Structure formats: structure tokens, C-alpha cells
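Undergrad: I am attaching a structure below and will ask some questions about it afterwards.
The values are calculated or read from the model by the stated rules, or taken from the named source; none is laboratory data. Because the structure is a prediction, the values reported are computed rather than measured. Here Cβ is always computed from backbone atoms with ideal geometry, including for glycine, and neighbour counts include all displayed protein chains. Note: areas computed on protein heavy atoms with side chains; ligands, DNA, RNA excluded. Shrake-Rupley method; radii C 1.70, N 1.55, O 1.52, S 1.80 Å.
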Amino acid sequence: MAQDAIRDALTAAIEALGQSADEIRLERPRDPTHGDLSTNVAMMLAGRLRRSPRQVAEEIAAGLDLTAAGVESVEVAGPGFLNFRLSSGAVASVLDDILREDEEFGRSATGEGRPVMVEFVSANPTGPLHLGHGRQAALGDAVASLLEWTGWQVHREYYYNDAGRQMDLLALSVRARYRQYLGHHEALPQDGYRGGYVSEVAQELAAQVGDRYLEDDSTEALDAIRHFAVDVLRAEQDRDLSDFRVHFDEYFLESTLYEDGLVDETVQQLRATGLVYEKDGATWLRTTEFGDQKDRVMIRGSGQPTYFLPDVAYHKNKWDRGFQRVINVQGSDHHGTVARVRSGLRALGLPEGFPEYVLHQMVRVERDGQEVKFSKRAGSGVTMRELYEEVGVDVARYFFQMRKPDAQLLFDLDMALDQSDKNPVYKVQYAHARMCSIFAKASVEAESLDAGPLDVAVLGAELERDLLKRLGEFPSTVERAATGASPHVLCDYLEQTAGAANAWYHSGNPTRSPELAVLVDDPDLRTARLCLARAVQIVLRNGLTVLGITAPQRMVRSAPETAAT
């Protein structure tokens, strides 16, 4: 590709100046009149060479061998930018790569098959999944997919916190509703769960066991109620996630950390470090040795472990299972756990920065400018299922992914239900469907198109050049989004590319710019433009696939249009 050839030429010219070529960044100038690609590498080298950036840029430009790069011209601009203008043939050469690689276009081997775990959702089995879980599900699944596309061997994991005080409160809440349902009075615990789903679980329990636990206050009875409630709610969460197109390779139960002795083993390993001490009847770990703000309690005076201890045991287990790279996608409320968990793991000899975290802000839903909060079933916020059943899975996933994770997300229901290009996911899907409509109108099998024997330089119109350049950026965009665990980067790219595709498509309308119509009489130009449409369709489809969103070949509007044709 032209970018690789330019980068190689720059490397050679820089080395000729006696300098090592660090990472050379080629970017598209904001002003297209400045060329197709630009680099500020001369500014980076000026200090080392003790010359002005512009002088360095001129020396680099003089030493460039661009015969194989398809560059029409290179100029030094401003304080020392190098701007490159590509030939039409070089710009359009990406078509052959896209059509040849098809479903593989955008994939790379950066990860070299190394294992990486992405842990996400990990909601307590105490109720329906809420909007925060929904955003986390969409983000985590997209991060995992981006890593797969860049050559990592990805393991998706869900951690069930099925032990501790919250499980006790769930059991007591279900028992109270169960007894109420059977006509006996029992108050809910003060901090119990009050959503309508608790009554549903209680009624299912009554249907299965009758009045068996009506007057049984034994520990065994409460344990049985707890297991029943957890099983019901886990099954419901699994259904909600499956319908949201999110699946996991493994479900890890917190209770197994205790049953398999991993928590006790972690305590012994931490004691062996000499960083554990007793104070005020509790057992502490000196996490301040590793930059934590204060030391952390491992075991309370009652003998019960704090949340910190099983968290450290769980992540040590991840490492022991062979995952030397782990990404946790969690809510921003976990911010305080990052330093303490990493400190505990460093005490055990694990590297600094393990695990990695993607922390997301919460979600607000608005309709007609008013916040939507209440869910009759959950008793609080709107559930994940309620949202995606109203707006559709594609829209919900895209909206959850299209903003930086650390930014607050306002989920605008009015925009989400809009079936026009104002809705960003529909904008991308309509662009894909429009390309498919071109093949149908031409009676051409899209898969049969081959740009190889063509003179693709005929695609010289500015709209076509812009679109081709954007298509060529897809692999590097996937790479950048994967490196930063940032699905929003890919969303931005798809919207911009869809906008460029829609502009090209509409400009080919005979009443606007007939010279840009795809189905022209000139056979070479007709085929080249069909290949361009096919390339757009492939890139948009692949990008949507990465995000777990469908790429429909035909879309029907409710009003005012009937189809994207």
C-alpha cells in the first residue's frame, strides 16, 4: 500500500541523515488541498539535528525515493510538514486488496496468537441486568472482537459474585416474598431487594416446592432458597445476554475461590512476603509499598475476608491459567479497586499494570428531553432488556459503543428510534444497503467483481478519492481501536466513511451529477465504480461485524421513504 511505501522511503531518507527512524506517523491533512498524507517527522528530528524543522523537512524531501509509492508530488509546508499527494492509481490501488481479502480485510496478526482474557459484565446474580451492564456488555464484547481481529487469542469471561452479604440479602428477600405469596406475613429485610422480579422468583419457588419452607427457618432452608434464586436469576441474565448477542467462554463463580482453597492459598502466599501485619484485630496487607494510598484490610476482625482478598485471589488465578494479559471492563464505581488489586498482585510478584482496566461511566436515558428512570419490574432504572427490546439490539449496541467509555452516555430514545440517517447506526447500515442496491440494479453478483485487471486510475473524482482514502484507513483504524480498547474509534470511522459513501452515492443521481453515476456506458468506468461500491460494502460490513451489529442488504423505512435504494 502507498502508506507503507512512503513510510519505507522516509525511513531510508532519515537513516541517510544519520538518524534512527522511530515510529513515523502518516495522517490525513485536515485541509485536502494540502495533499493526501502528511507527517511531522521533521519536527521530531529537528532537535537532534540542531537544525530548523523546515530545513530538516527539505533535506528529507530531497533524499526521498518515491518511485514505488505512487506519489505525484511531495512538498514542505508550514513549519516543517511533509505533504504527499498520491496519484489516482495509488489511491485506488486499495480496491484490489479489499476485494481480494473480502471478509479478512482489516484483520492483522499483531497479537501473534497470544492469549488475552477480557472479563466483563460480571454482575451479581441478584436481579435483572441494568443499563450499566448493557453498556459494559456491548463495550466488552467489542473490545474482545477488536482483539480477535488483530490476532489475539481471546477468552471472554464472566465472574459471578455468588458469595457474601448480597447473596444473603437476596435469599432473605425471596423468602419474605415467598411467605407473603402463601398468605403469611414476613417483612423484607431492611436492605433487601424490592424489585418486582423478587416476587416473580418467589412465585416460581412456591410453584416448585409448595409450602415446604413456609415455617422452616433453618440454615439449610435458606441455603436452598438462595441456590434457587441464584439459578433463576443467572438463567435470566444468560438469556438477556444471549439475545443481546453476547456470549462467554467461561463463567467463573466466586464461591469456587473458597471451595477450591484459592483464597486460603493466597493468604499464605501474601504472608510469606512479609508484607502482612495485624492491627486492630484485623489482618492487613502493606499495599502502600506499591503506591496504594493506604494499606488494605485482607481479613476483618470477624474472620471474614474483605472484597479485596478474593479479588486478588481471582486475578492470581487468571495469571496462573496462562493469561499474562487481562482486560477488565467495569463500571467507574470500580475505580477505587484498581490500585489495591494491582498492589496485592505486585506483592505476589506479578508485573506492574496487571490487569488492565477499561472503566465506563453510567448511562442516562432520555425521552422528549426528560430522563427515564422507572422500571416496574426492576423497581429502579430501566433494564437492559427493556431498552434493547424497545430500540433494537443493533441500535442499543451501537449507542453503548459510540462514546469513549470514560464519558457519560446520554441514551437519547428519540434519536435511537429515528429510522433516518440522523440515527448514526442507521446511517452506516443505510450506506451498506445502498451499495447493495447498486449491485441489484446492475444485476451483478458483488462477489464476482475483480479490480485486478482494471485501470483503477479512472476513479479520479474528488469524492471518489476521498472515499478510497477512507477505505484504505480501515485496517489501521481497527488496529488503533484495539490498541486503545476503544470501540468508539471504529464507530467514528464508520460514520465518517458512511457519510463519504452516501455523498458519492447521491452525487451519482442523474439529476445532480450524472458524470458520477455508477451505471455508465463506459465499461471500464462502470466496472471500476462497481468495484468501489463493493469495497465500501465490504468495509462497512466488516466494521459492523467487529461491533456485533448486522449489515442488512436492504432496509425499509416506516416513513417517509420505503427503502434504501
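Undergrad: May I ask you to list pairs of residues, at least six apart or on different chains, whose Cβ atoms are under 8 Å apart, with the first in region 526-549 being assigned to a loop (DSSP other than H, G, I, E, B) and the second being polar (S, T, N, Q)?
TA: Final answer for the pair search is Leu547/Ser145; Leu547/Gln401; Gly548/Ser145; Ile549/Gln429.
Undergrad: When you look at Gly322, is it among the small types (Gly, Ala, Ser) and either in contact with a helix residue (DSSP H, G or I) (Cβ under 8 Å, 6 or more places away or on another chain) or more than 24 Å from Gln136 (Cβ to Cβ) (or both), yes or no?
TA: Judged against the criteria, Gly322 is a match.
Undergrad: Are any residues in region 194-226 part of a loop (DSSP other than H, G, I, E, B), buried (at least 16 other Cβ atoms within 10 Å of the Cβ) and either out of contact with any Leu (no Cβ under 9 Å at 6 or more places or on another chain) or of a type in the set (S, T, N, Q) (or both), and if so, which ones?
TA: Matches in region 194-226: Gly195 only.
Undergrad: Using the structure shown, decide if Arg541 is at pLDDT below 95 and closer than 20 Å to Gln496 by Cα.
TA: No: the conditions fail for Arg541.
Undergrad: Filtering region 311-340 down to residues that are more than 25 Å from Phe400 (Cβ to Cβ) and at pLDDT below 95, which residue is least open to solvent (accessible area, probe 1.4 Å)?
TA: Ala339
Undergrad: Filter region 171-193 down to residues that are surrounded by 14 or more Cβ atoms within 10 Å (Cβ to Cβ) and modelled with pLDDT under 95 and give me whichever is farthest from the chain's Cα centre (by Cα).
TA: Applying the filter and picking the extreme gives Glu186.
Undergrad: Right, next: Taking region 449-476 as the region of interest, how many residues are touching a residue at least 24 places away in the same chain (Cβ under 8 Å), of a type outside the set (Asp, Glu) and over 20 Å from Leu26 (Cα atoms)?
TA: So the count comes out to 11.
One line per residue, one yes/no per condition, for (1) within 24 Å of Asp240 (Cα to Cα); (2) in contact with a Cys (Cβ under 7 Å, 6 or more places away or on another chain); (3) in a helix (DSSP H, G or I); (4) free of Cβ contacts under 8 Å to residues at least 24 places away in the same chain:
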{"site": "Glu148", "(1), (2), (3), (4)": "yes, no, yes, yes"}
{"site": "Tyr158", "(1), (2), (3), (4)": "yes, no, no, no"}
{"site": "Ala163", "(1), (2), (3), (4)": "yes, no, no, no"}
{"site": "Arg175", "(1), (2), (3), (4)": "no, no, yes, no"}
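Undergrad: Something else: So which residues in region 306-320 are more than 20 Å from Gln166 (Cα to Cα) and touching a residue at least 60 places away in the same chain (Cβ under 8 Å)?
TA: Asn317, Lys318, listed by residue number.
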